[in-house]
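*Asks:* Starting off with a structure, shown below.
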Amino acid sequence: MEEIAGYVERITYFNEEDSYTVARVQEKGKRDLTTVVGNLAGLSPGELLRATGQWVVNPRFGRRFQVETYRTVVPATLNGIEKYLASGLIRGVGPAMAQRIVRAFGLETLEVSQLTVPRNVSKP
C-alpha cells in the first residue's frame with residue numbers, strides 16, 4: 001500500500017448510489033494533478049485528502065490512484081476554504097459568493113456558525 005496526500009481540486013465524477021468518485025488532487029511538490037478513484041463519500045473540493053491504496057492503469061483513462069482508505073481534513077488556507085465553499089456544498093454559494101465570504105471572514109470563515117444581531121439594533 002502506498003499513501004498520497006493533497007488538496008482536492010475538483011470532483012470529476014460522483015455516483016450517488018455507491019459513492020464511487022473520480023477526483024483530481026494536487027499533491028505537494030507535483031506539477032500535474034493526480035487522479036484518485038474509489039468510494040469517497042462526502043469528498044469536497046478544497047479539502048486535504050490523505051489516502052492509502054495502489055496505483056492502477058486503466059486502459060481507457062490511464063494511471064490512477066485506487067483508494068482503499070482515506071481521511072479528509074477541512075481546508076486551512078484561504079484558497080482551500082474558498083474552493084470548499086464554492087464546491088456546491090451550500091446551495092446558492094458559488095465562486096463569487098465564496099470569494100466574498102472568505103474576504104470578509106478570512107481564516108475564521110469555517111468557524112463562523114451564525115450571525116448575531118448587535119444589542120443596539122432591534123429585531124423586526
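*Asks:* For the range 1-91, give me every one of the strands (runs of 3 or more DSSP E) that falls completely inside it and has 2 or more residues that are open to solvent by 60 Å² or more (accessible area, probe 1.4 Å) and farther than 26 Å from L107 by Cβ. Show your work before the answer.
*Replies:* Values: elements: 2-14, 20-27, 34-39, 48-58, 62-73.
Per the criteria, 2-14, 48-58, 62-73.
*Asks:* Name the pairs: first residue in the range 100-111 and in contact (Cβ under 8 Å) with a residue 40 or more places away in the chain, second residue open to solvent by less than 60 Å² (accessible area, probe 1.4 Å) and charged (D, E, K, R), Cβ to Cβ under 6 Å, at least 6 apart or on different chains?
*Replies:* Close Cβ pairs (under 6 Å, with a partner that is open to solvent by less than 60 Å² (accessible area, probe 1.4 Å) and charged (D, E, K, R)) do not exist here.
*Asks:* Then there is this: Being under 19 Å from P95 (Cβ atoms) and basic (K, R) is the filter; apply it to the range 6-53 and report the residue that is modelled with the lowest pLDDT.
*Replies:* R10
*Asks:* Within the range 92-107, can you find the residues that are open to solvent by 30 Å² or more (accessible area, probe 1.4 Å) and part of a helix (DSSP H, G or I)?
*Replies:* At the first step, the residues of the range 92-107 found to be open to solvent by 30 Å² or more (accessible area, probe 1.4 Å) are 92, 95-97, 99-101, 103-105, 107.
Those that are open to solvent by 30 Å² or more (accessible area, probe 1.4 Å) and part of a helix (DSSP H, G or I): P95, A96, M97, Q99, R100, I101, R103, A104, F105, L107.
The values are calculated or read from the model by the stated rules, or taken from the named source; none is laboratory data. Computed from a predicted model, the values in this text were never measured in an experiment. Here Cβ is always computed from backbone atoms with ideal geometry, including for glycine, and neighbour counts include all displayed protein chains. Heads up: the accessible areas ignore ligands, DNA and RNA and are worked out on the full protein's heavy atoms, side chains in. Shrake-Rupley method; radii C 1.70, N 1.55, O 1.52, S 1.80 Å.
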